[in-house]
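After the structure tokens below, expect a handful of questions from me.
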Amino acid sequence: MTTPTIATPQQFNDCNGLMVVLDAGAIVLTDTDTGFITVGVSLLDSEPEFSLSGWEEAVDVSVHAPVGQLGVVSLMGDAPSLPELSTAGPGWYRVRCLARGRASEFQTISLE
């Protein structure tokens, strides 16, 4: 999604802990509001093999891109230079999100 969408409280309640699916697009919950995160994108024509090797969490969700323009944006800063995800135009896309180290970020932040 190129324009961030606001999630409703119910959408947050219904989420899987890693992604909030919206009416158009989704939000990845990074579990940190400061610092940097690394994001990568792979565009595939078919479902990849599933492996948690090197990852702590994984989720697959269906994401709707009603006008196309499904991409990665930052809610708090510059948009990363990643490719548009909706290469087939408007429609439904399957998104797999893999994550690691989300809980450890809290151990590295100092309140001093």
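Determine which member of the set Val61, Val20 is touching a helix residue (DSSP H, G or I) at 6+ places or on another chain (Cβ under 7 Å), under 24 Å from Ala103 (Cα atoms) and not in a loop (DSSP other than H, G, I, E, B).
Val20
Still on this structure: Among the candidates Gly17, Gly35, Gly25, which residue alone is touching a residue at least 40 places away in the same chain (Cβ under 8 Å) and under 19 Å from Pro66 (Cα atoms)?
After applying the criteria, what remains is Gly25.
Restricting the search to region 7-50, which residues are of a type in the set (Gly, Ala, Ser) and exposed (fewer than 10 other Cβ atoms within 10 Å of the Cβ)?
Result: Gly35, Gly40, Ser42, Ser46.
Each value in this text was obtained by applying a stated rule to the coordinates, not by laboratory testing. None of the values given here were measured: they were computed from a predicted structure. Don't worry about glycine lacking a Cβ; one is built from the backbone with ideal geometry, like all the others, and counts go over all protein chains shown.
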